[in-house]
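Report on one structure; see the data block that follows.
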């Protein structure tokens with residue numbers, strides 16, 4: 001009979017319609033729920049231009065490596081950056097930090113980027129020379145970004161790696177050129193990479209010798225407009241340098257990072273070239289940094305100083 005068959009067809013259609021109205025909205029609702037933000041965590045960032053070749057001539061036994069390991073451990077550093085490091089010194093630091101029990105994973109806490117290749121007659125007794133990063137917690141795969149050429153044999157680079165357990169937290173080290181005609185190109189390249197990471201959802205900390213002082217106009221695109229003091233104005237960027245909010249040390253500029261006071265800078269307190277930046281919208285609460293007098297335990301160096309730069313240590317909480 002046609003009536004029972006027609007009734008069955010109508011019932012099936014109603015069930016299908018009801019099912020659709022139940023399932024589709026539930027799928028849409030699930031996709032509309034925003035992702036929960038990762039919990040904030042605090043980090044102590046330690047950076048040093050170690051003058052591994054210029055003053056230490058590639059030595060691993062003159063006291064520079066020992067002083068660095070001691071400071072890293074004593075300061076409770078989580079993330080560590082080096083500029084001007086010889087490959088042999090990098091390996092000595094790996095061994096020294098292992099022996100000190102600093103890394104959580106003895107085999108996955110260090111990365112190196114050569115900026116000057118191993119070359120007879122080159123720096124470091126002919127060995128590689130460059131930047132390094134170390135992390136107390138295991139690191140993910142490193143990215144080594146070559147910066148625009150500045151006409152020198154050394155190829156300046158930006159070295160970055162994420163934390164393995166927090167892959168959207170990246171730590172970078174860079175050392176930009178002192179050649180004035182190429183400063184802007186390299187600074188722009190570093191900033192573009194930072195912003196590309198940010199666009200991908202990453203939180204980034206970058207440390208390095210930028211070969212410019214905080215009040216330089218070329219860094220206006222880094223510093224946030226909220227950094228607006230007599231010592232650092234005209235800013236248009238999205239970042240804070242971890243020493244830019246110290247009311248007792250040249251606000252907006254910070255402490256000197258060269259080894260000895262030279263009377264330069266807007267406050268006459270000395271030249272600051274070594275900087276640690278984090279993006280304003282990822283910083284939670286207060287942040288700070290200090291520069292430490294360079295160790296004077298490297299016998300044979302001028303004044304026994306282990307570097308012509310000071311160590312910079314910063315603390316920041318990041319989302």
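FYI, it's all coordinate maths here, none of it is from the lab. Fair warning: this is a prediction, and the values are worked out from it, not measured in the lab. Positions of Cβ are backbone-derived with ideal geometry, glycine not excepted, and every protein chain shown enters the neighbour counts.
Checking the a/c ratio against 1.5 first, then a/b against b/c, what shape does the Cα gyration tensor give for the range 41-318?
Numbers: a/c = 1.34, a/b = 1.20, b/c = 1.11.
The shape class here is rounded.
Which order do peptides 82-93, 262-273, 120-131 fall in by mean Cβ count within 10 Å, highest first? Spell out each step's value before the answer.
Details: 82-93: 23.8, 262-273: 16.7, 120-131: 18.8.
Ranking, from highest mean packing down: 82-93, 120-131, 262-273.
Give me the distance in nm between label points sitting 7 Å out from Cα along the Cα-to-Cβ direction at residue 262 and residue 304, one decimal.
Once both label points are built, they end up 2.5 nm from each other.
Return the distance in nm (one decimal) between the two label points of a simple spin-label model at residue 119 and residue 39, each offset 7 Å from Cα along Cα→Cβ.
Modelled inter-label distance: 4.9 nm.
Give me the number: length gained by fully extending residue 149 to residue 293, i.e. 0.36 nm times residue separation minus the C-alpha to C-alpha distance, one decimal in nm. Walk me through the numbers before you get to the answer.
Numbers: separation 144, 0.36 × 144 = 51.84 nm, distance 3.27 nm.
So the chain would gain 48.6 nm between residue 149 and residue 293.
At 222 nm, what value in deg cm²/dmol follows for the chain if DSSP H runs of at least 4 each add -39500 (n - 2.57) and the sum is divided by all its residues, to the nearest 500?
Details: 4 runs with 75 residues, N = 319.
About -8000 deg cm²/dmol.
Can you give the FRET efficiency for residue 188 and residue 168, using 1/(1 + (r/R0)^6), R0 = 25 Å, r = Cβ-Cβ distance, to the nearest 0.05?
Details: r = 24 Å, r/R0 = 0.95.
The pair residue 188/residue 168 has a calculated efficiency of 0.55.
Among 172-178, 102-108, how do they line up by average Cβ neighbours within 10 Å per residue, starting with the highest? List each step's numbers first, then the result.
Details: 172-178: 24.7, 102-108: 14.1.
With the highest mean Cβ count within 10 Å placed first, the list reads 172-178, 102-108.
Modelled label-to-label distance, residue 228 and residue 181, 7 Å Cα→beta-carbon offset: nm?
Spacing of the two 7 Å Cα→Cβ label points: 3.7 nm.
Determine the distance separating the Cα centre of the range 251-319 from the Cα centre of the range 177-241; give it in Å without decimals.
16 Å
Please give the helix 87-99 orientation as an angle from the longest Cα principal axis of the chain, in degrees from 0 to 90, rounded to the nearest 10.
Approximately 70 degrees, to the nearest 10.
Let me have the relative contact order for the chain, percent, based on Cα pairs under 8 Å that are six or more residues apart.
Values: 701 pairs, mean separation 55.2, N = 319.
Computed over the chain, the figure is 17 percent.
Run through the DSSP bridge list for the chain and note the antiparallel percent, rounded to the nearest 5.
Details: 45 of 58 bridges.
That works out to approximately 80 percent antiparallel.
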